[in-house]
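Chemist: The structure is given below, and queries will be raised subsequently.
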Amino acid sequence: MPQTDATRTEAIVVGAGIAGAMTALELRRRGASVTLVDRWEPGHARASSSDYNRIIRAISGRDEFYTRWVRESRLRWMELEAETGQKLYYENGALILATQGHCDWEDATAATFDKVGVPYNRFAADDIAHHFPQFLVPDISYALYEPEAGMIMAHRAVITAVNLFKKLGGVVKRGRVTTDNEERLMLDGKPLQADLIVVSTGPWMAEMFPRTVAPISTIMGINVLYTSTPDGDDSFDHHRMPCWIDHGMGSFGLSSVEGSGVKAAVVIPNEPIDINNDERLIRRESLAKTRTYIRKRLPGLVGQKVVDSKFQQVIITPDTHFIVDWHPHHKNVLLAGGCSGHLFKHGPVFGDFAAGVALREYGTADRFTLTNRRKLSPKESPSGR
């Protein structure tokens, strides 16, 4: 059982993605003795927390909980930058395009921003040509622009968190954690034992816990392409172009940063993925879908070459809320992760919260329990889908 005195708690965190790394770091800050275990080197390309960058935005529909969490996470990402000297956050804003006739999520976001006090602008379609001429948007109703949003350098952030964890005395170990028929944890075939075990293995949580997590989760793949910016043109770079979400086209994207090219993903509908056996290669159909999207929305990139690609996976719960809850039969095992792909930006706050639950400082939130999960409408969902 976890002990109330963190200085005597022997903890193991399984999974060195952003959820596991941040939870391990926060447990270590609280004085626990922590070992972080992963099958591969932290930051490996098969992880859901890989890729160069991720959007951070407070836009969450009517959901004040996540809106406030992101606002706090933004500050903590900047604090982590200052503490480590690593560039982790680019504040270039986020533009949310509201499709005509399907603006419930965006309408709800504006009301939440007003209530919480998040700075934003509302632009008519005609205004976007003036503010952000990179976008062609004759079909939208309006757009919300959140200036205090941007992108987190994802791979660098994971490595930075793990390195800080080690600097503070944490131990990183390579090994494969599985479960037996009773969902008891095993490390390389031997029982895994500690006062506290936190499992943050992302999509692999469903495989590890077929009775507990698999029934409330779906694993989907996301194809991401990076397109070169035009010769001699900096209008698609982060200092001139925001990140964006375009639910009407099932897409999102990030401007070019540190020479990456423009990241564009057409993710709805998502694609199934076998996380253990599928190659992490972009599907040919995704190239065609992305180029069609670019022709419609980003005409200045038409004809530019794809310079990089990523094929990743996310674990999706019916309500798109995270999981932070104790295993029903193994009382020292906390499950922490599971979402709609929107966990990364919450990383610092998620890790702090999960560490507090793990050390019994407080209980988990109702939304994070393993029970009572249901599909939410786009108006209710924090992710808008």
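Chemist: Counting only other residues whose beta carbon sits under 12 Å from that of residue 114, what net charge do I get with K and R as +1, D and E as -1?
Modeler: Details: positive: 62, 115, 122; negative: 64, 107.
Charge balance in the 12 Å sphere: +1.
Chemist: If I take R0 = 35 Å and measure r between the Cβ atoms of residue 121 and residue 280 in this structure, what FRET efficiency does the formula 1/(1 + (r/R0)^6) give, to the nearest 0.05?
Modeler: Values: r = 38 Å, r/R0 = 1.08.
Efficiency, rounded to the nearest 0.05: 0.40.
Chemist: Tell me, Kirkwood radius of the stretch 253-303 from alpha-carbon pair distances, in Å? Mind dumping the intermediate values first?
Modeler: Details: mean 1/r = 0.0792 Å⁻¹.
Computed over the stretch 253-303, the radius equals 12.6 Å.
Chemist: With springs connecting C-alpha atoms under 10 Å apart, model the chain as a Gaussian network and identify which of 341, 17, 189 has the largest mean-square fluctuation.
Modeler: 189
Chemist: Let me know the charge dipole size of the chain about its Cα centre in debye, to the nearest 20, where only the beta-carbon of Lys, Arg (+1) and Asp, Glu (-1) is charged. Don't skip to the answer; put the middle values down first.
Modeler: Values: 46 positive and 46 negative charges, 125 e Å.
With Lys and Arg at +1 and Asp and Glu at -1, about 600 debye.
Chemist: Within the chain, which DSSP H helices have Cα atoms that stretch 15 Å or more along the helix axis and a mean Kyte-Doolittle hydropathy of at least 0.0?
Modeler: Counting only whole DSSP H runs, the qualifying helices are 18-29, 154-167, 347-358.
Chemist: Within the stretch 314-385, list the chymotrypsin sites (Phe, Trp or Tyr not before Pro) lying in a DSSP loop whose Cβ has at most 10 other Cβ atoms in a 10 Å radius. Could the numbers behind the result be given before it?
Modeler: Details: sites: 322, 326, 344, 350, 353, 362, 368; in loops: 322, 362.
Those that pass, being in a loop and sparsely packed, are 362.
Chemist: Also: Give me the percent of Cα-Cα pairs in the stretch 307-385 that sit more than 17 Å apart, rounded to a whole number. Present the calculation step by step, with values, prior to reporting the outcome.
Modeler: Details: 1556 of 3081 pairs.
Here the tail beyond 17 Å accounts for 51 percent of pairs.
Chemist: Next up: For the chain, build the charge dipole from Cβ charges (+1 Lys, Arg; -1 Asp, Glu) around the Cα centre, then report which of 75, 227, 59 sits farthest towards its positive end.
Modeler: After comparing all options, I get 227.
Chemist: If you restrict to DSSP beta bridges whose two residues both lie in the chain, what percentage is antiparallel, to the nearest 5? Before the final figure, lay out each step's value.
Modeler: Numbers: 47 of 67 bridges.
About 70 percent, rounded to the nearest 5.
Chemist: Take the Cα gyration tensor of the stretch 235-353, multiply each eigenvalue by 5, square-root it, and list the three semi-axes largest first, rounded to whole angstrom. Kindly include the intermediate steps, with their values, before the conclusion.
Modeler: Details: eigenvalues 210, 63, 34 Å².
Sorted largest first and rounded, they come to 32, 18, 13 Å.
Chemist: Which links in 87/173; 190/331; 173/345; 166/310 stretch past 21 Å when you go from one Cα to the other?
Modeler: Beyond 21 Å between Cα atoms: 87/173; 173/345; 166/310.
Chemist: Give me the Å³ per residue figure for the convex hull around the C-alpha atoms of the stretch 112-205.
Modeler: On the way: hull volume 23.2 nm³, N = 94.
Per residue, the Cα convex hull of the stretch 112-205 comes to 247 Å³.
Chemist: Same structure, new question: Can you quote the Å³ per residue value for the convex hull of the Cα atoms in the stretch 39-87, rounded to an integer?
Modeler: Numbers: hull volume 5.7 nm³, N = 49.
Spread over its residues, the Cα hull of the stretch 39-87 gives 116 Å³ apiece.
Chemist: With the contact rule set at Cα under 8 Å and sequence spacing of 6 or more, what percent relative contact order holds for the chain?
Modeler: 25 percent
Chemist: Now for a different question. GNM on the chain, C-alpha springs below 10 Å: top fluctuator among 186, 205, 151?
Modeler: Result for the chain, Cα springs under 10 Å: 186 fluctuates most.
Chemist: Right, here's the next one. How about residue 379: which lysines have a C-alpha closer than 19 Å to its C-alpha, ignoring those fewer than 8 places off in the same chain?
Modeler: 115
Chemist: Order these peptides, 29-35, 122-128, 158-164, by their mean beta-carbon neighbour count within 10 angstrom, highest first.
Modeler: On the way: 29-35: 19.9, 122-128: 15.3, 158-164: 22.0.
Going by the mean number of other Cβ atoms within 10 Å, highest first, we get 158-164, 29-35, 122-128.
Chemist: For residue 306 and residue 166 in the same chain, what is the full-extension length gain: residue separation times 0.36 nm, less their Cα-Cα distance, in nm?
Modeler: Numbers: separation 140, 0.36 × 140 = 50.40 nm, distance 3.69 nm.
Using 0.36 nm per residue and subtracting the Cα-Cα distance, I get 46.7 nm.
Chemist: Provide the convex hull volume over Cα atoms per residue for the stretch 77-136, in Å³. Spell out each step's value before the answer.
Modeler: Values: hull volume 7.2 nm³, N = 60.
So the per-residue hull volume is 121 Å³.
Chemist: In addition: Among 173, 289, which comes first, second and so on when ranked by fewest other beta-carbon atoms within 10 Å? The partial results should precede the final answer.
Modeler: Working: 173 11, 289 20.
Taking fewest neighbouring Cβ atoms as first place, the list is 173, 289.
Chemist: Right, something else. Which one is right for this structure if percent of Cα pairs over 36 Å apart is calculated from it: (1) 21; (2) 25; (3) 35?
Modeler: (1)
Chemist: For the stretch 1-96, take the alpha-carbon Rg, divide it by the Kirkwood Rh, and send me Rg/Rh. Could you put the intermediate results ahead of the total?
Modeler: Details: Rg = 15.8 Å, Rh = 15.6 Å.
Rounded to two decimals, Rg over Rh is 1.01.
Chemist: Excluding residues on the same chain fewer than 8 positions from residue 296, give the lysines whose Cα lies under 17 Å from its Cα.
Modeler: Within reach: 263, 305.
Chemist: Would you calculate the separation in nanometres between label points at residue 271 and residue 71, each defined as 7 Å from the Cα along the Cα-to-beta-carbon direction?
Modeler: 3.9 nm
Chemist: Then there is this: Based on the Cα gyration tensor of the stretch 273-338, what are the three equivalent ellipsoid semi-axes, each the root of five times an eigenvalue, rounded to whole Å and given largest first?
Modeler: Details: eigenvalues 291, 46, 17 Å².
Largest first, the stretch 273-338 gives 38, 15, 9 Å.
Chemist: On to the next question. How many angstrom lie between the Cα centre of the stretch 30-101 and the Cα centre of the stretch 299-343?
Modeler: 12 Å
Every read-out reported here was derived from the displayed coordinates using simple, explicitly stated rules and does not represent laboratory data. Please read these numbers as outputs of a predicted model, since none were measured by experiment. Don't worry about glycine lacking a Cβ; one is built from the backbone with ideal geometry, like all the others, and counts go over all protein chains shown.
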